[in-house]
Amino acid sequence: MKLLMIEDNHSVSQMMSMFFKKEQWDAHFAYDGKEAMTMFSATPNEWDMVTLDLNLPEMDGMQVSAEIRKISPTVPIIMLTARDSESDQVLGLEMGADDYVTKPFSPITLIARIKALHRRAGLGATARPAADVPADDTEAFDVITDNFKLNTKTREAYLNGRQIQDLTPKEFDLLKTLAQKPRQVFSREQLLQLVWDYEYYGDERTVDAHIKKLRQKIEKVGPQIIQTVWGVGYKFDDSGADQQ
């Protein structure tokens with residue numbers, strides 16, 4: 001794994017470098033936002049993971065996350081924040097982060113989070129290019145409903161034959177989890193447990209932030225298929241998608 005850690009605290013970076021070395025990861029470090037963007041933009045397709053501190057000199061973590069997402073919509077991002085405010089954490093997720101870890105954190109916890117996110121993101125690493133999997137090839141898809149198809153190997157999803165573009169690892173996993181059981185209602189707590197792949201202690205609004213971004217991408221290709229069930233959670237329902 002080639003990892004970019006963006007962290008202005010040199011002690012934290014030095015500590016994590018030992019853990020990264022033990023995992024045999026190719027870790028690189030940036031100590032302010034501008035340096036991070038220079039490093040990332042030089043070779044954007046080579047990075048497998050980004051850990052991003054929220055409080056950075058030159059350019060803060062929110063700005064960095066937004067700029068990285070403009071360059072790479074899919075690279076996994078874990079935000080590191082010393083801020084206790086839930087609104088800051090949710091805002092970070094809305095700006096493009098896939099997950100967050102609150103400081104002070106255990107290095108073992110961060111390593112576990114990185115592995116879980118990388119495992120999810122890497123499921124389609126050896127998949128065929130999109131052009132090799134036509135949207136009308138039903139045998140290539142793991143989830144097929146009236147108007148929706150999803151391929152877990154290529155991590156592609158289609159609504160009415162149009163591909164939903166630039167899904168992050170968590171957005172794809174959310175969509176897959178919901179679509180596998182159409183019209184079944186999932187609570188936010190259930191989605192945290194199913195999608196985040198570990199015992200998660202984050203605020204349940206983490207789910208809301210990811211659902212919001214997922215809906216925005218769905219609406220670019222067709223009608224909304226992620227429905228809110230007020231007071232309960234969310235469900236997938238594409239039964240009327242062909243009529244809109």
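The values are calculated or read from the model by the stated rules, or taken from the named source; none is laboratory data. Keep in mind the model is a prediction, meaning the values are calculated, not measured. For neighbour counting, all protein chains shown are included, and Cβ atoms are generated from backbone atoms with ideal geometry for every residue, glycine included. Note: areas computed on protein heavy atoms with side chains; ligands, DNA, RNA excluded. Shrake-Rupley method; radii C 1.70, N 1.55, O 1.52, S 1.80 Å.
Filter the range 149-183 down to residues that are assigned to a loop (DSSP other than H, G, I, E, B) and either over 16 Å from the mean Cα position of the chain (by Cα) or of a type in the set (A, V, I, L, M) (or both), then give me how many there are.
The qualifying residues number 9.
Hey, could you check the range 46-69 for residues that are assigned to a strand (DSSP E or B) and of a type outside the set (A, V, I, L, M) and say which is nearest to Ala116 (Cα to Cα)?
Taking the candidates together, the pick is Thr51.
When residues of the range 146-189 are filtered for being β-branched (Val, Ile, Thr), without any contact (Cβ under 8 Å) to a residue 40 or more places away in the chain and under 12 Å from Ile226 (Cα atoms), how many remain?
1
Can you name the residue in the range 189-201 that is open to solvent by 20 Å² or more (accessible area, probe 1.4 Å) and not in a helix (DSSP H, G or I) and, of all such residues, is modelled with the highest pLDDT?
Asp197
Can you find even one residue in the range 31-39 that is open to solvent by 60 Å² or more (accessible area, probe 1.4 Å), of a type in the set (Asp, Glu), over 22 Å from Thr206 (Cβ atoms) and assigned to a helix (DSSP H, G or I)?
Within the range 31-39, one or more residues are open to solvent by 60 Å² or more (accessible area, probe 1.4 Å), of a type in the set (Asp, Glu), over 22 Å from Thr206 (Cβ atoms) and assigned to a helix (DSSP H, G or I).
Quick one: in the range 154-186, of everything that is open to solvent by 10 Å² or more (accessible area, probe 1.4 Å) and among the β-branched types (Val, Ile, Thr), which residue is nearest to Met49 (Cα to Cα)?
Only one residue tops the list, namely Thr154.
Which one of Ile164, Ile144, Ile218 is in contact with a Gly (Cβ under 9 Å, 6 or more places away or on another chain) and of a type outside the set (Ser, Thr, Tyr)?
Only one candidate passes the filter, namely Ile164.
Just give me the residues in the range 70-99 being modelled with pLDDT under 85 and not in a loop (DSSP other than H, G, I, E, B), in sequence order.
Thr81, Glu86, Ser87, Asp88, Gln89, Val90, Leu91, Gly92, Leu93, Glu94
Taking the condition of being surrounded by 11 or more Cβ atoms within 10 Å (Cβ to Cβ) and in a helix (DSSP H, G or I), how many residues in the range 19-30 meet it?
Summing the residues that are surrounded by 11 or more Cβ atoms within 10 Å (Cβ to Cβ) and in a helix (DSSP H, G or I) in the range 19-30 gives 3.
Quick one: is Phe186 modelled with pLDDT of 85 or more and over 16 Å from the mean Cα position of the chain (by Cα)?
Judged against the criteria, Phe186 is a match.
Could you tell me which residue of the range 42-59 is farthest from the chain's Cα centre (by Cα), considering only residues that are farther than 19 Å from Leu167 by Cα and open to solvent by less than 60 Å² (accessible area, probe 1.4 Å)?
Pro57
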